[in-house]
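Take a look at the structure set out below.
A short reminder: the numbers here are calculations on the coordinates, not readings from a lab. Predicted model only: the values in this text are computed from it and were never measured. Virtual Cβ from ideal backbone geometry, glycine too; neighbours counted across all protein chains shown.
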Amino acid sequence: MKHLNQKPVILYTILLSLFLTFLLMAELTGSKLFTVFGFTMTMGVIPFPITFIITDLLNEYFGRKVVRATTLIGMVMIGLAYVLIVIDIQIPASSSSPIDDHSFHTVFANSGLVIIGSIIAYLIGQFIDIQVFHFLRKKTQGKHIWLRATGSTILSQLIDSYVVIFIVLWNTHSASSMAAISNTNFFYKMAIAILITPLLYAVHIYIDNYLGADLKKEMMQTAMEEPGLESSIQVG
């Protein structure tokens, strides 16, 4: 009897787990601002760019349908996190709690606003990233990973960086201040996307070796033909 090849399942599980971890951390820490060399950014810019690298890897090996599904899973998890935050805020802290209600509310109520803004911005940016990545991949016939990864990230992050800041900070910052923070976030993310390109290649090589030449070729060919995840898990 033929059996399912487990390597694509394991690969997807690992990439999904990393995606959700970095995505949720970006949302929960994004309300904190910090300054580097006179430039103000949100704390979410540290984990957030990694989600787009993972998206590119998912697009590379599993195709657009799987990336769209993964994006929606991420959005559902963010929504669930927001619901839990709202519930937690309503429960009074005990007298022995090291974190009082005011401190908890100050941190996590703002995180809730970040989550709402991020859901809108991320859905727009992510689907742009998916489409541009797939377009460049077909145009280059699967060559030049750096071009499709960086090109798709530039457009998606351009949208995300501005939309989320203007939603989250509109009631506390001026338009010029929000534009400055958005500019800084965008250029930082672009710098990170370019700097970690060698890491993308290294991970790509590692995954290729893990899958083996035949399975890798089969998955990448199937990904370009836009199947679902189930079509990438072939019997052997």
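Rounded to whole numbers, the Karplus 3J(HN,Hα) couplings from phi for the range 10-15 are 5, 4, 5, 4, 5, 5 Hz, using 6.51 cos²θ - 1.76 cosθ + 1.60 with θ = phi - 60°, and x at Gly and Pro. Multiplying the residue separation of Ile87 and Lys65 by 0.36 nm and subtracting their alpha-carbon distance yields 4.6 nm.
Under 5 Å from the amide H of Ala93 lie the amide H atoms of Asp101, each residue being 5 or more positions distant or on a separate chain, with H modelled from the backbone and absent for Pro and chain starts.
Residue separation of Lys32 and His105 scaled by 0.36 nm, minus their Cα-Cα distance, works out to 24.9 nm of gained length. Take 55-63, 204-212 and order them by the average number of nearby Cβ atoms within 10 Å per residue, most first; the result is 55-63, 204-212. The calculated FRET efficiency for Leu123 paired with Ala213, based on their beta-carbon distance and R0 = 41 Å, is about 0.70. Which of rounded, prolate, oblate describes the range 9-110, given a ≥ b ≥ c as roots of the alpha-carbon gyration tensor eigenvalues and a/c under 1.5 marking rounded, otherwise prolate only if a/b is larger than b/c? Judged from the Cα gyration tensor, the range 9-110 comes out oblate (a/c at least 1.5, b/c at or above a/b).
This model, with +1 at the C-beta of Lys and Arg and -1 at the C-beta of Asp and Glu, gives the range 47-111 a dipole about its Cα centre of some 400 debye. Label sites at Ile73 and Leu195, each approximated as a point 7 angstrom past Cα along Cα to Cβ, lie 3.0 nm apart.
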